[in-house]
1. With a 10 Å cut-off between alpha carbons and a GNM built on the chain, which of Ala64, Ala110, Ala189 moves the most?
2. Over the C-alpha atoms of segment 76-226, what are the Rg and the largest Cα-to-Cα span, Dmax, in Å?
3. For labels at Ser181 and Ser62 in the simple 7 Å Cα→Cβ model, what's the distance in nm?
4. Taking the Cβ of each residue in Leu7, Leu138 as the centre, tally the other Cβ atoms inside 10 Å and list the residues starting with the fewest.
5. Using a 7 Å offset from Cα along Cα-Cβ at Arg77, what residues in segment 124-164 end up with backbone N under 12 Å from the label point?
6. Name the residue, out of Pro88, Pro22, Pro40, whose mean-square fluctuation peaks in a Gaussian network model built on the chain with Cα pairs under 10 Å.
7. Choose one answer from Thr27, Thr43, Thr149: the residue with the largest mean-square fluctuation in a GNM of the chain with alpha-carbon springs under 10 Å.
8. How large is the helix-only mean residue ellipticity at 222 nm for the chain, computed as the sum of -39500 (n - 2.57) over DSSP H runs with n ≥ 4, divided by its residue count, in deg cm²/dmol to the nearest 500?
Amino acid sequence: MPLKIVLVAATSSEADTLKKVPGIQVTSGTYLYEGNVITPVVTGVGSVATAWAMTKFISSGSEADLAINIGIAGSFRDDIPVGEVVVPVSDCFADAGIGTATGFLTLAEAGLVDPDAFPFKSGKLVSENRFVSAAVRLLRPVNAITVNTSTGSQDNIKKISERYHNDIETMEGAAFFYVCSREEIPFLALRAVSNRVEPRNRDKWNIPLALENLSEKLGELLLSFE
């Protein structure tokens, strides 16, 4: 059965990877692929922009059988190299918390929220549905974190890795997970690694490769949906 899909991306360059999928057709601001109708939503960078743009889309009366978040990401692991496309199956707001004299506390650790209150499970947002199951048959599943400030110091990298045991980081993923969970919209995310998370060095980034591979894997994924 054809699907109504909303494709959520932070930037136009990320959203434009859809245009490069072989066989994609454009009509009246939407895209057609294998009978599916795909509407792109460019949110702007960051969690607040993502939450606002998605809420506006939903409140306009637009319907979606599936929401897909696409974009680039930083990898915390040597075995997830630049260019690989992965599927985040969990995410969290990694820097939402309390700073204390002895270190950082998450909102749950500080007693301000219940880590298992919907839509959270042990403080994380989880993506589980038939579309995710199809995606992880094609691509590596990973655990993600979402931050307001991209990690760029060795000290922060060590602290975040020890706390969350995460594989990648983005600046929008958890907001996307949160809104879709609240609105009961089936969702999945695809992220292409553009850089290693390390002391900031843009010379080692490869955004063109990440976006090229993202387009290729997005096409493969769309074909896998029944």
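Each value in this text was obtained by applying a stated rule to the coordinates, not by laboratory testing. Note that the structure is a prediction, hence the values are computed from the model and not measured. Neighbour counts are summed over all protein chains in view; Cβ atoms, including those assigned to glycine, are modelled from backbone coordinates with ideal geometry.
1. With Cα springs under 10 Å in the chain, the top fluctuation among Ala64, Ala110, Ala189 is at Ala110.
2. Rg and Dmax of segment 76-226, Cα atoms, are 16.0, 53 Å.
3. Taking the two extended label points, one gets 2.3 nm.
4. Numbers: Leu7 24, Leu138 14.
In increasing order of surrounding Cβ atoms, one gets Leu138, Leu7.
5. So the set is 140-144.
6. Pro22
7. Thr27
8. Details: 6 runs with 66 residues, N = 226.
Here the helix-only value at 222 nm equals -9000 deg cm²/dmol.
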